[in-house]
Structures are given as structure tokens and as C-alpha cells.
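Heads up, the thing below is written out as C-alpha cells.
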Amino acid sequence: MNTDVEDLLRHHAPQVLGALVRRYGHFDAAEDAVQEALLAAAQQWPGSGVPDNPRGWLIRVASRRLMDQLRADEARRRREEAEAALAPPDAFTAPPPGEGRAPSEDDTLTLLFLCCHPELTAAAQIALTLRAVGGLTTAEIARAHLVPEATMAQRISRAKQKLRGVPFRPPRPEDRDQRLAAVLQVLYLIFNEGYTATSGRELHRADLAREAIRLTRAVRRLLPREGAVTGLLALMLLTEARSAARTGPHGELIPLDEQDRALWDRDAIREGTALVEEALAQGPAGAYQLQAAIAALHDEAARTEDTDWPQILALYDLLLRRAPEPDPMAELSRVVALAMVYGPEAGLAELASLEARLADRLAGHHRPAAVRAHLLERSGDTEGALAAYRTAAARTLSDPEARYLRMRAARLRGRGAEPSP
């Protein structure tokens, strides 16, 4: 498909779905109808050209498909025919350019709230968001999460069934902050899975990372004064800016301190840094703003040795103090920062304390062993580092991370080549 057409369809998909769900309900049937309209556009527009009003075209086509589906269900015939009769003649026509933002654009945020409904599990929220708001096909979502298409289709179907009867409207004012936090958490999880895949042969799933950034931009357009939204977008941009330098020619992981910083995306870093400043000025700094500030300090350092580790450690201390519950990954990152400021022995002592405190949360995870290996290597304990690298390599489900950890072990053994798994 033409890339411009694909981008246009993904931009309009949530607005079209929101328009249908708001008018008719029936989330699952409306979502299927929108997917059919998107498929029709993908087939027709590259040859016939994009219509002057693409959103109106999609709404009209999707509405016809939806009405056909609903009318085929005898039990719903009377209700749906009554709704159709009450619709004004121009109900499915988007306003022409220049008349201000169409109401359906606000439906993107309402749709995100619906996809991240608290009745759904985190896995279901992510899958439904990618499908309904991101416009990804079930097959694309399944490939991104390394599960069979049938499994993902079942997950999405169950999620839509759970939402049957849930009204399509923004959350109540008293629930808004909690529901917005859930939306941002889902977008954050989608980005993290794209930036560092938790399993499989690829380290970076660019499609997921880009989709998370695109969706977060859409939320920010609707909520430009929300510090958490601005901070999350800044964090994503500043992190994704390093993606070109994170892997070698064979897909191997390259850690931050060994990356070629000339490959970093300076435009993304400038945008992200400006957003950090804006986010910090929009109110008390929360988790996303503070993580973005840490990412900015890393990105602004011209060389590894120029990194402002004391400031990064102070930001991690603030982040963890404000966290409502322990964050094991942030705690491990703080251990690294502390070791960079006070030395590897101090880092190892802090790591031991952390593992004792969060034993149930960290058990079996590869990250503590990887951090221990790094600190032991820096302290000169070669044998200890070797054992820790091997443990970390055996625990990770990511092939690139495992190769990197085995390579570090091989270096310590003086072999200069990666040992066999």
C-alpha cells in the first residue's frame, strides 16, 4: 500500500470508529465495519486518488457496512431502522476544511478511554488499542507480540465482548485522571515493547514504537496542557532517537555507553528536550516527566564520560520517592546511576539490598544478573562477572540481549568470540 495512503487511513481510523460507536454503539460490529471501509479505501484510493473529504468517505462507507450488518440481525431490525430514520441527511459528512476541528476528532480520546477500560486486562487493552485506535490488523498485532493470529483474534474478540453495553462517552470527571493514567500506561507499554522487545529474534520493533509515538501525539493534540502526556511523548522521542545506534550490523545489542552518538536523531532529541522543559512547567513532575528528564541528560551528553550522573541519580531518587509503589526496573537503573557516581562496590551493595527487598518481583528476571555482571566487571571480579553474564543470558527471552551477554562473557574469557548457547 502507498505509505501516504496508509498514514492517512491510520490517522482517520479512530475518528471514523468513534463516530460510528458514538451514534450506534455496537463496538464490535462498528469496528468490523470500519476495518472493511479501510480495506476498501486501501484498494481504491491508490488508483482513483484520495477523495477530497477522506474521513467523510470512510464514515459513509463504514456506516453502510454497519447498517447492512445490523439489519441482517432480525432481533435488532426495528431499533436500527429507527436510528437510521432519525439520522439527519448529512450525518455522515465531515465538515469542510476551515470550519474548525470536527467533533469526531475528540472521539479519538474517548475511544482510547474505551479501549483501556478497567474491566479489561492490560494485554487486552494493548491489543484493542492497536486494533481500534492504531488501525493495525489482527495479523500485524499478532506478529508484533509473537503469538498466533487466531490467539490474538480471540483476545480482541473477548475484549470487544466485555465492552458490549459500555456507553461511548468520556469518563466521569471524578474518574478522568485514573482513566487517563491507564491510557498513558498502555501507550507506554506499547512503546517499551517496540523499543526493547521482551522476546524473540529482534531487539527493536520499530512499527510498535512508531505507533505508540503517533498515538501519543494524537492524545497530546487533544490534551496539550497535560504534563504527563507531554512528558510521555518527550520520553518516547528521546529514547527512540537512539534506536539507529542500538544494534550492530548483525542485530547485536550495543549498550548506551558504546553507541556511536553521531547516529542519534538530533531532530528528535531537540523536539524531546523542548517537550521536557514544557512538561516540567505544566505542573508537579510525575513519572513520565522525570524519566524524560533523565533521557534528556543522556542524549545531551556529547560523550559517555560527559554524562551528568549525579543529576541522573538525583532524578531517580525523586522518581522513586514519588512512585506509588516500587518500580523494580527504575530501581535497577538507579543502582547503575549510583555505581557511576560512587563506584561499583557501592552499586553492588545497593543491588543486594534491592534484591532482598523485592525478591518476589525480581526472581528469575535477567536484569538483576546483567546489572551485577556489569558492576562485577567494573570492580575487577572477572569470575563473578562471568557467572553473572551467563546467568543473565540464560534468563532473557530476547535473542539479541542473550547474544550480547554471551559476547561480554566471551570477552572476559579472552576468546574474542561468542560462545555457543
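Here are the numbers for the structure shown:
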quantity	calculated
Qualifying positions in the stretch 115-144 - in a helix (DSSP H, G or I) and touching a Ser or Thr at 6+ places or on another chain (Cβ under 8 Å)	Cys115, Arg131, Val133, Ala142
Where Arg221 falls short, out of the listed (1) open to solvent by 50 Å² or more (accessible area, probe 1.4 Å); (2) at positive phi	(2)
Among (1) at pLDDT 90 or above; (2) open to solvent by 50 Å² or more (accessible area, probe 1.4 Å); (3) more than 23 Å from Ser333 (Cα to Cα) - the single one Pro249 does not satisfy	(1)
Test: residue in the stretch 300-308 that is open to solvent by less than 20 Å² (accessible area, probe 1.4 Å), in a helix (DSSP H, G or I) and in contact (Cβ under 8 Å) with a residue 12 or more places away in the chain	no
Condition met for Glu80 (open to solvent by less than 20 Å² (accessible area, probe 1.4 Å) and modelled with pLDDT under 85)	yes
Enumeration of residues in the stretch 129-149 that are in contact (Cβ under 8 Å) with a residue 24 or more places away in the chain and either within 11 Å of Gly18 (Cβ to Cβ) or within 13 Å of the chain's Cα centre (by Cα) (or both)	Thr129, Leu130, Ala132, Val133, Gly134, Ala144, His145
Criterion violated by Gly283 - all others in (1) on the phi > 0 side of the Ramachandran plot; (2) open to solvent by less than 20 Å² (accessible area, probe 1.4 Å); (3) not β-branched (Val, Ile, Thr) satisfied	(2)
Number of the exception - Leu237 against (1) modelled with pLDDT under 95; (2) open to solvent by less than 40 Å² (accessible area, probe 1.4 Å); (3) not hydroxyl-bearing (Ser, Thr, Tyr)	(1)
First in the stretch 369-393 and under 19 Å from Arg403 (Cα atoms), second anywhere and assigned to a helix (DSSP H, G or I) and acidic (Asp, Glu), Cβ under 6 Å, 6 or more apart	Ala385/Glu377
Residue in the stretch 155-169 that is touching a strand residue (DSSP E or B) at 6+ places or on another chain (Cβ under 7 Å) and either modelled with pLDDT under 85 or open to solvent by less than 20 Å² (accessible area, probe 1.4 Å) (or both) present	no
Options Ala123, Ala132: the member that is open to solvent by less than 10 Å² (accessible area, probe 1.4 Å) and among the hydrophobic types (A, V, I, L, M, F, W, C)	Ala132
Residue match in the stretch 39-49 (condition: modelled with pLDDT under 85 and open to solvent by less than 60 Å² (accessible area, probe 1.4 Å))	no
Some residue of the stretch 192-208 being charged (D, E, K, R), closer than 22 Å to Thr121 by Cα and out of contact with any Gly (no Cβ under 7 Å at 6 or more places or on another chain)	yes
Residues satisfying the stated conditions in the stretch 289-299, i.e. open to solvent by 20 Å² or more (accessible area, probe 1.4 Å) and of a type outside the set (S, T, N, Q)	Leu297, His298
Helices (runs of 4 or more DSSP H) contained entirely in the stretch 150-259, each with at least 3 residues that are β-branched (Val, Ile, Thr) and under 22 Å from Ala281 (Cα atoms)	206-222, 227-240
Those residues of the stretch 191-204 which are over 8 Å from the mean Cα position of the chain (by Cα) and either β-branched (Val, Ile, Thr) or modelled with pLDDT of 75 or more (or both), in sequence order	Tyr195, Thr196, Thr198
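Residues are listed down the side, and each one gets a yes or a no for (1) in contact with a Leu (Cβ under 6 Å, 6 or more places away or on another chain); (2) among the charged types (D, E, K, R); (3) open to solvent by 20 Å² or more (accessible area, probe 1.4 Å); (4) in contact (Cβ under 8 Å) with a residue 12 or more places away in the chain:
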residue: Leu8; (1), (2), (3), (4): no, no, yes, yes
residue: Pro14; (1), (2), (3), (4): yes, no, no, yes
residue: Val21; (1), (2), (3), (4): no, no, no, yes
residue: Leu58; (1), (2), (3), (4): no, no, no, yes
residue: Met67; (1), (2), (3), (4): no, no, no, yes
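The values are calculated or read from the model by the stated rules, or taken from the named source; none is laboratory data. Note that the coordinates shown come from a computational prediction; the quantities given were computed from them, not determined experimentally. Because the Cβ atoms are built from the backbone with ideal geometry, glycine has one as well, and the counts that use them run over all protein chains shown. Just so you know, the surface numbers come from the protein's heavy atoms only, side chains and all, with ligands and any DNA or RNA stripped out. Shrake-Rupley method; radii C 1.70, N 1.55, O 1.52, S 1.80 Å.
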